[in-house]
Amino acid sequence: MDNLTHSLTGALAAKIIETAKPTATDEPKQKRQVFWLLVASANFPAIDVVLGFLGDPIFSISHHRGITHSLLFAPALALFPATLFYFWGKLKNFKTLWLLAWIGILVHIFFDVITPFGTQLLAPFSSARYALDWMFIIDPFFTGILALTLLLGKIFKSRRKQFILGGGIFVVCYLSVEMINHHLAYKRMEEAMRREGIIATKISALPQPLSVFRWMGMVQTEQGVVQTFFSLFDDKDALQLKKYENANNEFVERVLQTEEAKWYMTFARHPWIRSEQQGDRHVVELHDLQFSIDKFLLTTIGSAERFTPFILRYSFSLDGNETEIAFDGESLSP
């Protein structure tokens, strides 16, 4: 999830706490301290973005949403913002500050888990990524209503409590709708696979931007990936399935033996292997098709087709020698 939305969820959490326990912090300066601590803590796990500056794209992606997003590490991580705000603010109850920082970090983790990328909740003991797949990583409607709720509470101070509680109810209702829609989309994919006689090793229903009703269905098979885009309002018997079959040749076999490819096949939720001749080179690409975007949506908003991220690309010369490895457009070759 984007940092603006993380900030707004932290701000709403602070206002809900303030509304629920209005006498917990009486001084205005202490209330501001609590507010900014929740906002900062709700962004603090995103410090892992500094990994992107280390120069190794595979290292940064494999550790993104790693230990700073771990439920096991969250209490220790909360010590950092709590300590900073203890020395910075008027509120000198460290236990309270630590608990508030912990809440902010848990809010961040939760709103990352509901998006499809995957979060390593049990790091460093497990690199498994967990995702509920309820919400697209950026949801302007959700973000906008959160901002409006907080703004109205700021402007109409006499009705602040109603606006804040209304904001909390909105979050619960919005997430409930997304959870139900995800369940319906997943069931639709299961039914389609049974109807088509496709044996699936993995099925995903992934949210699409700008609508809680549009989904991307992904099915992993022994041969490759089956993909479809649909709305819950579409005829459930009219899904248009597109099949991506994995390439299988000597170049692919060599690629799959490399350490980079072995990592990629554990990172990707729906990997697809593509192989083709390009001029005087032979190219093998590993795609994670979960990051595809509906072309119908791109056409609707007048956008060009988006470059799919996180492609692992191998280039071979005609004599079979490996000439280059690149990940996400960045060369890994020495």
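Read the figures in this text as sums done on the coordinates, not as results from a lab. None of these values were measured; they are calculated from a predicted model. FYI the Cβ positions are ideal-geometry reconstructions off the backbone, even for glycines, and counts take in every protein chain you see.
Once you list every other residue whose beta carbon is under 14 Å from the beta carbon of SER211, what net charge do they have if Lys and Arg are +1 and Asp and Glu are -1? Walk me through the numbers before you get to the answer.
Working: positive: ARG214; negative: ASP139, GLU178, ASP234, ASP294.
Once all neighbours under 14 Å are counted, the net charge is -3.
How do 228-235, 276-283 rank on mean C-beta neighbours within 10 Å, highest first? Walk me through the numbers before you get to the answer.
Working: 228-235: 15.4, 276-283: 11.6.
The densest-packed peptide leads the list: 228-235, 276-283.
I need to check one value: relative contact order of the chain, counting alpha carbon pairs closer than 8 Å and at least 6 residues apart, in percent.
Working: 538 pairs, mean separation 36.8, N = 334.
Result for the chain is 11 percent.
Pairs LYS92/LYS157; LYS15/LYS161; LYS202/LYS295; LYS29/LYS95; LYS90/LYS157: which are spaced more than 20 Å apart, C-alpha to C-alpha? Can you show the working numbers first?
Working: LYS92/LYS157 27 Å; LYS15/LYS161 9 Å; LYS202/LYS295 23 Å; LYS29/LYS95 18 Å; LYS90/LYS157 24 Å.
Going by Cα-Cα distance, LYS92/LYS157; LYS202/LYS295; LYS90/LYS157 fall outside the 20 Å limit.
What aspartates and glutamates does LYS236 reach when the alpha-carbon gap must be under 15 Å and sequence neighbours fewer than 8 apart in one chain are set aside?
In chain and number order, the partners are GLU190, GLU191, GLU196.
For segment 248-299 and segment 43-67, what is the separation of their Cα centres, given in Å?
Centre-to-centre (Cα) distance: 22 Å.
Provide PHE73, PHE136 in ascending order of the number of other Cβ atoms located within 10 Å of each residue's Cβ, fewest first. Mind dumping the intermediate values first?
Values: PHE73 19, PHE136 23.
In increasing order of surrounding Cβ atoms, one gets PHE73, PHE136.
Using the 10 angstrom Cβ neighbour count as an exposure proxy, how do SER127, SER317 rank, fewest first? Before the final figure, lay out each step's value.
On the way: SER127 15, SER317 12.
Final ranking by Cβ density, sparse to dense: SER317, SER127.
Among [x] 23.0, 71; [y] 19.0, 57; [z] 23.0, 77, which is the computed Rg and Dmax of the Cα atoms in Å?
The value computed from this structure is option [z].
When the helix-only estimate is applied to the chain (DSSP H runs of n ≥ 4, each -39,500 (n - 2.57), divided by the residue count), what is the mean residue ellipticity at 222 nm, nearest 500 deg cm²/dmol? Walk me through the numbers on the way to the answer.
Numbers: 11 runs with 147 residues, N = 334.
It lands at -14000 deg cm²/dmol.
How do 2-10, 90-98 rank on mean C-beta neighbours within 10 Å, highest first?
2-10, 90-98
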